[in-house]
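**Student:** Pasting a structure here, questions to come.
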Amino acid sequence: AIDDPFIITESLSTEKRTVVLVPQVVHVPTEHKLIRVHAGQWHSGVINTAGELFTWGVGYQGRLGHGDKEPALVPTKVRGALTGQHVIDVACGSFHTVALTERGAVYCWGDNASGQCGAKSTIDAVTSPYRVVNLEFVAGGVAKAISCGRQHTVVVMQGPQSWCQRSCCKLDHNGKPRAPHGQVFTFGETSRTGGGAAISGGPVICGKMQDGKVYRQFRLVPSLKDLNVINVKSGLHHTFVFAEELSNPMTVAGMGTTAMAGGDFPDYSGTQSLTSPRDWAISDASAGVSVNWRKVRRGNE
């Protein structure tokens, strides 16, 4: 039974919360197969093959996108501006949510106190999906990856980059870029987003922007300009990017507080390299609240 004390108990923290001790099946009201799920600090989101997004959990600051600030005890479809859109990815932060559509559009909702929803106004919270404006004028207007943490949002926009003079951003006879050149744009607290570089073969390098300001419009992370960023993942206060050097294969880079990315110092404003054994290649990574995991492949294993 759901009220079984061996399944449901109370958190040991000062806040009153329900804690689930063993895995439980979550029933999503859809006939389509579920293909992607993401869990935030207080809420979760799931996407089906039809591109529909369902969210549930704490609704404070409108993070569920249902047009109010009420909680949802069961997965509920997100409508509003996402109606008719095909969602392919979702990122759940602490207090806000980000969605990516198959056309490369980015939608945000929830807490906007630090501008993490991309709204230029001083709106404290966005309770329904809001399309981040002006991204359509960056790098062809196509977002390829999204991520968010406690008070920041990260978007990977794929070329051509207007400032890039390399051949990758030149157009071919069909009017398309000759090669991808994904770049990272962030909004929210810049002290959480930062920038870094990396060396091909698996090192992780981290750092952070040093101004610590709040930006309600997206900004380019300049230290990644020479990389083709492919994917991005965020923890509470830091971010990882998967990238490749424009002339070499896979690279991984980290941004944020060094201690969270594996450095020796509690806080660091420069860059720090973290290397795996020489014959190991990093194939995946995950960023938690204050720790990270790297999935590695050794040789041909």
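**Student:** Give, as ranges by residue number, the residues of the stretch 141-184 whose backbone N falls under 20 Å from the point 7 Å along Cα→Cβ of Q217.
**Tutor:** Zone members listed by number: 141-143, 152-158, 161-164, 183-184.
**Student:** Cβ under 11 Å from V142's Cβ, V142 left aside: what net charge do those residues give with Lys, Arg +1 and Asp, Glu -1?
**Tutor:** Residues close to V142 contribute a combined charge of 0.
**Student:** Here's something else I'd like to know. Separation between the K69 and R178 pseudo-spin-labels, each 7 Å from Cα along Cα→Cβ, expressed in nm?
**Tutor:** 5.3
**Student:** A further question on this structure: Please arrange D111, D226 by how many other C-beta atoms lie within 10 Å of their C-beta, fewest to most.
**Tutor:** D226, D111
**Student:** Can you tell me the order of 85-91, 96-102 when each peptide is scored by its average per-residue count of other Cβ atoms within 10 angstrom, highest first?
**Tutor:** Packing order, densest peptide first, comes out as 96-102, 85-91.
**Student:** While we're looking at this one, here's another question. Classify the stretch 78-173: rounded, prolate or oblate, from the alpha-carbon gyration tensor (a ≥ b ≥ c, eigenvalue square roots; a/c under 1.5 rounded; otherwise prolate if a/b is larger than b/c)?
**Tutor:** It comes out prolate by the Cα gyration axes.
No lab work stands behind these numbers, since they all come straight from the coordinates. Keep in mind that what you see is a predicted model, and the values were worked out from it rather than measured. Glycine also receives a Cβ, built like all others from the backbone with ideal geometry; neighbour counts cover every protein chain displayed.
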